[in-house]
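*Asks:* Quick one: structure below, then a few questions.
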Amino acid sequence: MRIIVEKDYHAMSKKAALMVASQITLKPDSNLGLATGGTPLAMYDKLIEMYREDEVDFSEIQSFNLDEYCGLEADHPNSYHYYMNDNFFNDINIKRKNIHIPNGGAEDFEKECRDYEESIKNARGIDLQILGIGSNGHIGFNEPAENLNVATEVVDLTEETIEANSRYFDSKDEVPKKAISMGMATILKADRIILLASGKEKAEAIKRTVSGKISTQVPASLLQTHPQITILLDQEAASLINKDELSADCHFEICK
Ligand code: PGA
């Protein structure tokens with residue numbers, strides 16, 4: 001595990017964008033696993049800027065999003081389809097046919113989950129997966145629990161997540177209670193993973209993610225088993241990390 005601490009959100013986002021761009025430079029037809037939420041917004045802005053400057057070309061990439069709310073159609077302003085179009089896809093040259101996001105308006109969610117998992121497999125897996133993290137340690141919508149899902153499944157959102165995400169809705173009651181989420185093995189099968197976290201409200205979850213112990217109560221802690229994982233943080237998100245608790249092969253780097 002490699003932990004990189006950048007000065008602030010802006011520097012963290014810029015480094016994340018450079019890592020995504022270098023992945024695409026190395027392999028123009030990369031399969032990218034993408035995340036929504038507040039955290040990756042500045043990374044997407046930077047990638048759009050790099051696209052406009054001719055520094056990165058998305059024409060051959062395929063994208064696979066982590067999750068989508070059940071019950072929200074693609075054109076719903078709170079759907080992750082809408083978010084991705086609005087914050088990223090409308091401003092780059094990705095081909096529409098190469099965009100994959102679970103369908104929150106599907107009639108048969110079980111089938112949708114199976115088909116989604118199959119589409120990742122058919123594309124030969126994800127080369128680079130971008131993740132955010134919930135303040136409860138979730139990744140995608142894999143919420144803390146005794147058992148975690150292996151593959152893409154319908155999940156119940158926790159109260160904490162509903163509360164956290166209600167900031168995007170008119171009221172908490174409007175937040176869907178269920179979502180389709182890639183499973184833990186779907187995520188861990190990616191060749192490379194970058195987890196982004198910014199702000200002090202993520203500090204405790206990050207401390208538990210990198211602590212050298214694994215628990216399904218902190219789904220992100222399973223990332224410690226991945227051979228190519230980078231945890232990219234700002235100083236606030238890194239503030240509770242105890243270096244003595246990190247596993248011996250963990251690389252810890254503070255950028256000026
Ligand atoms: P955030 O969400 O980036 O809006 O904090 C991250 C997450 O819940 O996974």
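Just so you know, all these numbers are worked out from the coordinates, no wet-lab data involved. The structure presented is a predicted model; accordingly, all values stated were derived computationally and were not measured. Note: ideal-geometry Cβ built from the backbone for every residue, glycine included; neighbour counts use all protein chains shown.
*Asks:* Could you state, as a whole-number percent, how many of the C-alpha pairs of segment 129-237 are farther apart than 20 Å?
*Replies:* Of all Cα-Cα distances in segment 129-237, 37 percent exceed 20 Å.
*Asks:* Only Lys, Arg, Asp and Glu count, each charged at its Cβ (+1, +1, -1, -1), so figure out the dipole size of segment 50-120 about its Cα centre, rounded to 20 debye.
*Replies:* Charge dipole, segment 50-120, about its Cα centre: 120 debye, nearest 20.
*Asks:* Calculate, axis by axis, the spread of Cα positions in the chain along the three principal axes, and write the results as whole Å, longest axis first.
*Replies:* 50, 45, 35
*Asks:* Another question about this same structure. Pick from 71, 104, 33 the residue whose mean-square fluctuation is largest in a GNM of the chain, springs joining Cα atoms under 10 Å.
*Replies:* Among 71, 104, 33, the largest mean-square fluctuation in the Gaussian network model of the chain belongs to 71.
*Asks:* Which residue, 103, 65, 78, has the most motion in a Gaussian network model of the chain that connects Cα atoms within less than 10 Å?
*Replies:* Comparing 103, 65, 78 in the GNM, the peak value goes to 78.
*Asks:* List the relative contact order of segment 1-111 as a percent without decimals, with contacts defined as Cα pairs under 8 Å and 6+ residues apart.
*Replies:* 26 percent
*Asks:* Quick one: check the C-alpha center-to-center distance for segment 2-51 versus segment 97-121, whole angstrom.
*Replies:* If you average the Cα positions of each part, the centres end up 25 Å apart.
*Asks:* For the chain, what does the relative contact order come out to in percent, with C-alpha contacts under 8 Å and a separation of six or more?
*Replies:* Relative contact order, the chain: 27 percent.
*Asks:* Rounded to the nearest 20 debye, what is the charge dipole size of the chain about its Cα centre when +1 sits on each Lys and Arg Cβ and -1 on each Asp and Glu Cβ?
*Replies:* Magnitude of the dipole: close to 860 debye.
*Asks:* Using Cα springs under 10 Å in a Gaussian network model of the chain, which residue among 186, 25, 209 shows the largest mean-square fluctuation?
*Replies:* 25
*Asks:* Which residue, chosen from 225, 183, 142, occupies the Cα position most advanced towards the positive end of the dipole of segment 127-254, where the dipole is computed from +1 (Lys, Arg) and -1 (Asp, Glu) charges on Cβ about the Cα centre?
*Replies:* Positive-most Cα among the choices belongs to 225.
*Asks:* Just to confirm the filter: which GluC sites (Glu not before Pro) across segment 119-176 are DSSP coil and have at most 11 other Cβ within 10 angstrom of their Cβ?
*Replies:* 146
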